[in-house]
Amino acid sequence: MRLCVCLVLLSFILCAGADSAISRAGRFVADAAGGAWDMFRAYKDMREANYKNADKYFHARGNYDAAQRGPGGAWAARVISNAREKWQSDVSGRGAEDTRADQEANKWGRNGGDPNRYRPQGLPSKY
C-alpha cells in the first residue's frame, strides 16, 4: 500500500514538472514568433521611412522590441540579425565596417539599450 501511495505521489510530481516544462517551451516559442514579428515590423518601417542614416536605429529598435518579449524574442532577434548580417556581408558587398556597426546596434537594442541612441535627427516621430 505504501509503495502504491509513493508511486501515485511521484507521478503527480513528475506530471506537474512536465506541465511546467511544456508551458515554458510554449512561452519561448510564442516569444520567438513575436520577436520575429517585431524584427519584420522594424524592417518594414525602415523600408517605408527610407530615411538616410536611419538603418542603425531600426536595427536597434527591432532587437529591443523583440528582446522585451523574453528569452524567445531575444533568441529570434539574434538569429535573424546574424543571418541578415551574414547575407549582407557575403552578398551585398557593403563591407565589414557596416556589418560591425549594424551588429553593434543589434546588440545594443537586444541588451535593453535605448534605440534612440541611433535615431537620426529629423526622422519622423511616426517611427
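The values are calculated or read from the model by the stated rules, or taken from the named source; none is laboratory data. No experiment lies behind these values; they were computed from the predicted model shown. Ideal geometry is used to build each Cβ from the backbone, glycine not excepted, and the neighbour counts take in all protein chains shown. Accessible surface is based on the protein model in full, side chains and every heavy atom, while ligands, DNA and RNA are left aside. Shrake-Rupley method; radii C 1.70, N 1.55, O 1.52, S 1.80 Å.
Take the residues in the stretch 76-101 that are among the β-branched types (Val, Ile, Thr) and without any contact (Cβ under 8 Å) to a residue 24 or more places away in the chain; name whichever of them is farthest from MET39 (Cα to Cα). Walk me through how you get there before you give the answer.
Of the stretch 76-101, the ones among the β-branched types (Val, Ile, Thr) are 79-80, 91, 99.
The next check asks that each one be without any contact (Cβ under 8 Å) to a residue 24 or more places away in the chain; those that pass are 79, 91, 99.
Working: VAL79: 11, VAL91: 21, THR99: 17 Å.
Ranking the qualifying residues of the stretch 76-101, first place goes to VAL91.
Identify the single condition in (1) in contact (Cβ under 8 Å) with a residue 40 or more places away in the chain; (2) among the hydroxyl-bearing types (Ser, Thr, Tyr); (3) surrounded by fewer than 16 Cβ atoms within 10 Å (Cβ to Cβ) that SER23 does not satisfy, given that it satisfies every other one.
(1)
For the condition out of contact with any Phe, Trp or Tyr (no Cβ under 6 Å at 6 or more places or on another chain) and either among the hydrophobic types (A, V, I, L, M, F, W, C) or more than 27 Å from ASP31 (Cα to Cα) (or both), what is the one hit in GLY112, GLY95?
Working: GLY112 fails: either among the hydrophobic types (A, V, I, L, M, F, W, C) or more than 27 Å from ASP31 (Cα to Cα) (or both).
That would be GLY95, the only listed residue that is out of contact with any Phe, Trp or Tyr (no Cβ under 6 Å at 6 or more places or on another chain) and either among the hydrophobic types (A, V, I, L, M, F, W, C) or more than 27 Å from ASP31 (Cα to Cα) (or both).
Given the conditions (1) modelled with pLDDT under 95; (2) open to solvent by less than 50 Å² (accessible area, probe 1.4 Å), and given that ASN106 satisfies all but one, which numbered condition is not satisfied?
(1)
Inspect all residues belonging to the stretch 70-90 and state whether any of them is crowded, with 16+ Cβ neighbours inside 10 Å, in contact with a Pro (Cβ under 7 Å, 6 or more places away or on another chain) and at negative phi. Outline the logic, then answer.
Step one: of the stretch 70-90, the residues crowded, with 16+ Cβ neighbours inside 10 Å are 70, 72-78, 80-81, 84-85, 89.
Within this subset, residues satisfying the condition of being in contact with a Pro (Cβ under 7 Å, 6 or more places away or on another chain) are none.
Checked against the condition, which is being crowded, with 16+ Cβ neighbours inside 10 Å, in contact with a Pro (Cβ under 7 Å, 6 or more places away or on another chain) and at negative phi, the stretch 70-90 yields no hits at all.
Just one of (1) crowded, with 21+ Cβ neighbours inside 10 Å; (2) touching a residue at least 60 places away in the same chain (Cβ under 8 Å); (3) charged (D, E, K, R) trips up ASP38, so point out which.
Condition (2) is where ASP38 drops out.
For the condition out of contact with any Asp or Glu (no Cβ under 7 Å at 6 or more places or on another chain), open to solvent by 30 Å² or more (accessible area, probe 1.4 Å) and touching a residue at least 40 places away in the same chain (Cβ under 8 Å), what is the one hit in TYR51, TYR57? Walk me through how you get there before you give the answer.
Working: TYR57 fails: open to solvent by 30 Å² or more (accessible area, probe 1.4 Å).
Matching residue, one of TYR51, TYR57: TYR51.
In the stretch 112-125, what count of residues is obtained for those that are on the phi < 0 side of the Ramachandran plot, touching a residue at least 60 places away in the same chain (Cβ under 8 Å), not in a helix (DSSP H, G or I) and not hydrophobic (A, V, I, L, M, F, W, C)?
Count: 3.
Mind checking whether some residue in the stretch 3-12 is of a type in the set (Ser, Thr, Tyr), modelled with pLDDT of 95 or more and surrounded by 10 or more Cβ atoms within 10 Å (Cβ to Cβ)?
Restricting attention to the stretch 3-12, the residues satisfying the condition of being of a type in the set (Ser, Thr, Tyr) are 11.
So of that shortlist, the ones also modelled with pLDDT of 95 or more come out as none.
Within the stretch 3-12 (the criterion being of a type in the set (Ser, Thr, Tyr), modelled with pLDDT of 95 or more and surrounded by 10 or more Cβ atoms within 10 Å (Cβ to Cβ)), the answer is no, since none of the residues qualifies.
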